[in-house]
Amino acid sequence: MSKAVPEQAPEPSPVAEQIRTEAEQSELRSALKERLDELVEEQQRFVDSIAMAQRERLSDTAGDDQVDSGTKTVEHEHEVTVANSLSERILQVSHALERLDEGDYGVCEKCGKPIPAARLAAFPSATLCVSCKQLEERR
């Protein structure tokens, strides 16, 4: 006589894990839009700062020694780097909002598996699961 193997509960489908209530989606959308607004404001401050520094550099370089000139160049490069980083983050958050609207938010763009909730909580604009992100970073 064979022993009956107890049935295991079926694993929830990835799609089922991704279904969010309208209230959750609305809250997430609001948080993403708020973050987008913050990033746009911060980027604008850097762009304004870069423009002002550029005007000052063009009009006020007389008497600068090499150290002053080098310091201004390093500061300018830092501001440009930060502004570019902010642009990239703005694109990421905008993309997350698009994915939310399309119903693809929270699903890995490479493997199609759900992105863990903890990862999305820490990085709401994540588009890759941890495994795919690790593979991408190794390249």
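The values are calculated or read from the model by the stated rules, or taken from the named source; none is laboratory data. As the structure is a prediction and not an experimental result, all values here were calculated from the model. All Cβ positions, even for glycine, are placed from backbone atoms using ideal geometry, and neighbour counts span all protein chains on display.
Looking at segment 94-102, is at least one residue of a type outside the set (S, T, N, Q), assigned to a helix (DSSP H, G or I), farther than 22 Å from ASP37 by Cβ and under 14 Å from the mean Cα position of the chain (by Cα)?
No: zero hits.
Mind counting the residues in segment 110-139 that are part of a helix (DSSP H, G or I) and more than 24 Å from SER87 (Cβ to Cβ)?
The total comes to 8.
Of the numbered conditions (1) assigned to a helix (DSSP H, G or I); (2) surrounded by 11 or more Cβ atoms within 10 Å (Cβ to Cβ); (3) of a type outside the set (Lys, Arg); (4) modelled with pLDDT of 90 or more, SER26 fails exactly one; give the number of that condition.
Tallying (1) assigned to a helix (DSSP H, G or I); (2) surrounded by 11 or more Cβ atoms within 10 Å (Cβ to Cβ); (3) of a type outside the set (Lys, Arg); (4) modelled with pLDDT of 90 or more, SER26 fails exactly one: (4).
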